[in-house]
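One structure is given here, and the rest of the page talks about it.
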Amino acid sequence: MAKTTSAFAVGLLFGLGLLVSGMADPAKVLAFLDVTGRWDPSLAFVMAGAVAVSAAGYRLALRRGRPVLALRLDVPARRDLDGRLIAGAAVFGIGWGLAGLCPGPALTLLTVAPTQAVTFVVAMVAGMLMFRLLPSAAPERAVQGAEA
Amino acid sequence: MDGFTPVSALVGGAMIGTSAALFLLLNGRIAGISGILGGLLAPPSPETGWRAAFVAGLVLAPLAYAGLGRSLPPVTVGASFPLLILAGLLVGFGARLGGGCTSGHGVCGIGRGSPRSLAATGTFMAVAVLTVLVARHLVGA
């Protein structure tokens, strides 16, 4: 129960951060990606702020060892690069660049721009289900929980 | 440089980072949205509850924002419906194939200094920039 409550609070804070930062606005995301147009570098500041705090949190979590509500830290151990990682990131990048939406902002926009966000989220879930249908997805499924 | 908002970007980014840090310190998990959502598509397990709660928090954030007495920042979804469907399919499939998205690889993975996340983030940023270049400046979509 405590785990569920903290996950809710953390999700809420994440969504608030998306709204405050401008990351939840697809037009702003596309303006950041549009480096040859009227470039808006704001999202680099979002990333800088987010990575700095998350890096500090990771170091603190490593030093503490055991998380407050769980038995152990569950972070991905793999460090090697493979074709699937790069291919997946490339496919993701095309989708992100087409609409300016990635999973977090899409979920946060469900109540703000319902028709568009629902359309995107239904398609995104369909894409995730299509991945599960891949025969080659099976070996990775076992370690899915440990993926980033 | 239109609409450059470094302060709110930094503050909001720090909130996102705090959320990722808290999730690691409390639940011991990576705040990777595509992984959390993707896990909900599997048969119910002891993990289903916290995954659903995290997603519920994300979805309800705009209501909390408005509840704090602030008007929501402007949001413009410019993509047409066919484009939203295509983009959604690619984002969902690609995030699962690549084992993460902007949050899991971009925020958490780079924060951990993971070579896989650095490579994934570099790839999807570069491809997204190219996609916008082609869509906006070459095709004019």
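What follows is calculated from the coordinates using simple rules that are stated; it is not laboratory data. These numbers were taken from a predicted model, which means no experiment stands behind them. Neighbour counts run over all protein chains shown; Cβ positions are idealised from the backbone, glycine included.
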Notebook entry, point to check: For the range A:2-12, what does the Karplus curve 6.51 cos²θ - 1.76 cosθ + 1.60, with θ = phi - 60°, yield as ³J(HN,Hα) per residue in whole Hz, taken in order and with x for Gly and Pro?
Noted result: 4, 4, 5, 4, 5, 4, 5, 5, 5, x, 4
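Determine the shape class of chain B: with a ≥ b ≥ c the square roots of the Cα gyration tensor eigenvalues, call it rounded for a/c under 1.5, and otherwise prolate if a/b is greater than b/c, oblate otherwise. Display every interim value, and only then the final one.
Numbers: a/c = 1.43, a/b = 1.20, b/c = 1.19.
Note, shape of chain B comes out rounded.
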Check: When chain B is modelled as a GNM with alpha-carbon springs shorter than 10 Å, which of B:ALA52, B:ALA95, B:ALA66 fluctuates the most?
Finding: B:ALA66
Next item on the list: Enumerate the residues in the range A:57-82 having an amide nitrogen under 20 Å from the point lying 7 Å beyond the Cα of B:ALA64 toward its Cβ.
Entry: A:57-58, A:68-70
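Please give the FRET efficiency for B:PHE4 paired with A:ALA27, using the beta carbon to beta carbon distance and R0 = 22 Å, rounded to the nearest 0.05. If you can, show how the numbers build up before the last one.
Working: r = 14 Å, r/R0 = 0.62.
E between B:PHE4 and A:ALA27, to the nearest 0.05, is 0.95.
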Notebook entry, point to check: Modelled label-to-label distance, B:SER80 and A:ALA52, 7 Å Cα→beta-carbon offset: nm?
Noted result: 4.2
Next item on the list: Compute the relative contact order of chain A as a whole-number percentage, counting only Cα pairs closer than 8 Å that sit 6 or more residues apart in sequence.
Entry: 27
Notebook entry, point to check: Among A:THR108, A:ALA126, B:GLY13, which residue has its Cα positioned farthest towards the positive end of the charge dipole of the protein assembly as shown, with +1 placed on the Cβ of Lys and Arg, -1 on the Cβ of Asp and Glu, and the dipole taken about the Cα centre?
Noted result: B:GLY13
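Would you mind ranking B:SER117, A:SER54 so that the residue whose beta carbon has the fewest other beta carbons within 10 Å leads the list?
Numbers: B:SER117 28, A:SER54 31.
Lowest to highest Cβ neighbour count: B:SER117, A:SER54.
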Notebook entry, point to check: Order of B:CYS101, A:CYS102 from fewest to most other C-beta atoms within 10 Å?
Noted result: A:CYS102, B:CYS101
Next item on the list: Take peptide A:31-39, look around each residue's Cβ out to 10 angstrom, count Cβ atoms belonging to other protein chains, and average those counts.
Entry: 5
Next item on the list: Please label the shape of the protein assembly as shown as rounded, prolate or oblate, based on the square roots a ≥ b ≥ c of the eigenvalues of the alpha-carbon gyration tensor (a/c under 1.5 means rounded; beyond that, a/b larger than b/c means prolate, else oblate).
Entry: rounded
Next item on the list: Using label points projected 7 Å from each Cα along Cα→Cβ, tell me how many nm separate B:ALA42 and B:LEU130, to one decimal.
Entry: 3.2
Check: Taking 0.36 nm per intervening residue step and subtracting the Cα-Cα distance, what contour gain separates A:ASP74 from A:VAL35 on full extension?
Finding: 10.4 nm
Notebook entry, point to check: Cα centroid distance between the range A:100-137 and the range A:1-30, in Å?
Noted result: 16
Checklist line | Taking A:ILE86, B:ILE16 and counting other C-beta atoms within 10 Å, the order from fewest to most | finding: A:ILE86, B:ILE16
